[in-house]
Amino acid sequence: MLRLDKLTKTYKTGDQALKAVELEIPQGQVVALIGPSGAGKSTLIRCINRLVEPTSGKVWLGDTELTELGAGALRRERRRMGMIFQEYALVERLTVMENVLSGRLGYVGFWRSLTRRFPQKDVDEAFRLLDRVGLVHMADKRADELSGGQRQRVGICRALIQDPALLLVDEPTASLDPKTSRQIMRLICELCAERGLAAIINIHDVALAQMFVARVIGLRAGAVEFDGPPDALTPDVLTTIYGEEDWVATIDKVEDEEDTLDPEAVA
Ligand SMILES: Nc1ncnc2c1ncn2[C@@H]1O[C@H](COP(=O)(O)OP(=O)(O)OP(=O)(O)O)[C@@H](O)[C@H]1O
Ligand SMILES: [Mg+2]
């Protein structure tokens, strides 16, 4: 459903961030994208919705080739791709509800958005989503009054209210403590499963990726170095992706976490 065909990005500085990346992600599949700093993870995510313009290669979302679209058509297609960032990117002085509804701006007409008058069905859906992530009682709070984990939940609702076919997630847990990180990862993966949504989750924490997704893609220096199930990420493979380190410790950590993981603790 998402297909990257020889996707290449060379920045003006000469940095080759992506080197002819080939990738297919079927409908409903959640993929973790791992790799060292500078491997090209953010560039890959941003080339898909063309926040970064690819140098060459093609991106297909379903039957649509995103890389050949003009500005208007691209704007419409972007509605099908929800984005969740590390830095939450909420509007601080707006309420939780207003931040969630801002995800509908790609649909609501200009004048309506200017006066912030959204159709009742959008407001109802925003309440449903906030309820799903456990924040409905905070709908009227200002974004700057929330904790990091709560802000990320608002970011998730804002991405989902677009009713996307694909979620692009760039380091959703980088600013969160370990427990909150796990809750947010679990929430994103559950919501994708409930909605049959495909997702690419760019994540630094290998152990966290291994806990929640069925497919991991390892990027190194702009090329796919690994593509497989999490249990195939052996110390040797991790060394190829990241270089030398003590991966046995990481793998032990995953096994410990699996022993103690409480599947009910979603809240
Ligand atoms: N706007 C830019 N202009 C020039 N070079 C860039 C730009 N953005 C990224 N790069 C370069 O492209 C390469 C890939 O960067 P990218 O941000 O995609 O990596 P990343 O895997 O997301 O890293 P991190 O884990 O640190 O977020 C790096 O060499 C980086 O310096
Ligand atoms: Mg990045």
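Here, each number is a calculation from the coordinates, and none is a lab measurement. Computed from a predicted model, the values in this text were never measured in an experiment. Ideal geometry is used to build each Cβ from the backbone, glycine not excepted, and the neighbour counts take in all protein chains shown.
The table below lists the values:
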item: Residue match in the range 44-67 (condition: under 24 Å from Cys157 (Cα atoms) and exposed (fewer than 15 other Cβ atoms within 10 Å of the Cβ)); result: yes
item: Residue that is farthest from Lys9 (Cα to Cα), among those in the range 53-87 that are within 16 Å of the chain's Cα centre (by Cα) and within 16 Å of ligand 1 (Cβ to nearest atom); result: Glu87
item: Unmet requirement for Lys19, which otherwise passes all of (1) part of a strand (DSSP E or B); (2) of a type in the set (D, E, K, R); (3) touching a Leu at 6+ places or on another chain (Cβ under 8 Å); result: (3)
item: Residue count, the range 22-78 (criterion: part of a helix (DSSP H, G or I) and touching a strand residue (DSSP E or B) at 6+ places or on another chain (Cβ under 9 Å)); result: 13
item: Residue that is farthest from ligand 1 (Cβ to nearest atom), among those in the range 132-155 that are touching a residue at least 40 places away in the same chain (Cβ under 8 Å), in a loop (DSSP other than H, G, I, E, B) and over 26 Å from Met1 (Cβ atoms); result: Asp140
item: Test: residue in the range 78-100 that is hydrophobic (A, V, I, L, M, F, W, C), touching a Pro at 6+ places or on another chain (Cβ under 9 Å) and away from ligand 2 (no atom under 16 Å from the Cβ); result: yes
item: Among (1) of a type in the set (Ser, Thr, Tyr); (2) within 22 Å of Leu197 (Cα to Cα); (3) assigned to a strand (DSSP E or B) - the single one Thr8 does not satisfy; result: (2)
item: Near pairs, Cβ below 7 angstrom, 6+ apart or cross-chain, from the range 16-27 (within 18 Å of Gly38 (Cβ to Cβ)) to any residue that is surrounded by 15 or more Cβ atoms within 10 Å (Cβ to Cβ) and of a type in the set (Lys, Arg); result: Ala17/Lys9; Leu18/Lys9
item: Leading residue by the ranking (farthest from Arg186 (Cα to Cα)) among those in the range 24-67 that are of a type in the set (Lys, Arg) and within 11 Å of ligand 2 (Cβ to nearest atom); result: Arg46
item: So Arg128, is it out of contact with any Gly (no Cβ under 8 Å at 6 or more places or on another chain), without any contact (Cβ under 8 Å) to a residue 24 or more places away in the chain and not in a loop (DSSP other than H, G, I, E, B); result: yes
item: Residue list for the range 64-108, filter: touching an Asp or Glu at 6+ places or on another chain (Cβ under 8 Å), aliphatic (A, V, I, L, M) and free of Cβ contacts under 8 Å to residues at least 24 places away in the same chain; result: Leu66, Leu69, Val108
